[in-house]
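Presented below is the structure to which this report refers.
The values are calculated or read from the model by the stated rules, or taken from the named source; none is laboratory data. These numbers were taken from a predicted model, which means no experiment stands behind them. Neighbour counts run over all protein chains shown; Cβ positions are idealised from the backbone, glycine included. Areas reflect the complete protein model, heavy atoms only, side chains present, ligands, DNA and RNA absent. Shrake-Rupley method; radii C 1.70, N 1.55, O 1.52, S 1.80 Å.
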Amino acid sequence: MIRRTTRDRILDAANRLFYSDGIRAVSVDAIAAKAGVTKKSLYYHFRSKDDLIAAYLASRDQPNLALFSTWYEEAKGSAADRTAEIFLQLARSARHPKWKGCGFLRTAAELANTPGHPALKIGAQHKKKFEAWLARRYTESGVANPTKVARRIVLLMEGAFATMLIHRDADYAQSAAETARFLVKNAKRA
C-alpha cells in the first residue's frame, strides 16, 4: 500500500472541492476538513490559499495533457481524424454528471480581476504546452502550417469548453470535432 503524504491529501481534497464548487466558494477550513488535517497543517504545506490554488492547477497539468495525448494517439486515421477524436472524447467526458468544464478556464474566470495570480500563469503555461504538443503532432504528420493550425484548434477547444459550460450541452464538442477535422484536413501552405 502506498502511503499518501499530508501534502498529497491536502492537494487531493483541494482538487475535488475546487473543481466541484469553484475556488472562491471553497474555504481553507473546508479543504483541511476534507483532507483530515488541521488548518495549521494545511498552512505548513501551503503558505496561502493562493499557493494552494496554484498547486491545484499545477497538479492538473500533466494528467490533462496525458489524457489528450492518449485520445489522439489511440485514434485511428489522419491527424485530422485524431484531432476530431479529442473533441469527441471531450464530448463523452462532458456527458458525465460530475463534469464541470475545464478547471483551467474556470479558474481563470474566477481570477480575472487578479492578473498576476500564479494560478493564471500556470493555466496559461498549460494551454501553451497543449498548443505546442499539437503543433509537434501536426509537424510529424506533415500538416501544412502546423503552428497556425494548432493555434486554431486551441481556439476551437476553448470555445467548445466555454459553450458547453454555458449551455450544459456536450453536442457543442461534437460539432467542434467536425470543425477541427475540417481545419486540419484543409490546412494550406502559407
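Results for (1) under 30 Å from R136 (Cβ atoms); (2) open to solvent by 10 Å² or more (accessible area, probe 1.4 Å); (3) modelled with pLDDT of 95 or more, shown as yes or no for each residue.
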residue: A25; (1), (2), (3): no, yes, yes
residue: V28; (1), (2), (3): no, yes, yes
residue: L42; (1), (2), (3): no, no, yes
residue: D51; (1), (2), (3): no, yes, yes
residue: A55; (1), (2), (3): yes, yes, yes
residue: S59; (1), (2), (3): yes, yes, yes
residue: D81; (1), (2), (3): yes, yes, yes
residue: A91; (1), (2), (3): yes, no, yes
residue: E110; (1), (2), (3): no, yes, yes
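Counting only residues that are in contact (Cβ under 8 Å) with a residue 24 or more places away in the chain and open to solvent by 60 Å² or more (accessible area, probe 1.4 Å), the range 149-171 holds 2 of them. Counting only residues that are within 23 Å of A112 (Cβ to Cβ) and either part of a loop (DSSP other than H, G, I, E, B) or out of contact with any helix residue (DSSP H, G or I) (no Cβ under 6 Å at 6 or more places or on another chain) (or both), the range 31-46 holds 1 of them. Of the candidates E140, E178, the single residue that is of a type in the set (D, E) and without any contact (Cβ under 8 Å) to a residue 12 or more places away in the chain is E140.
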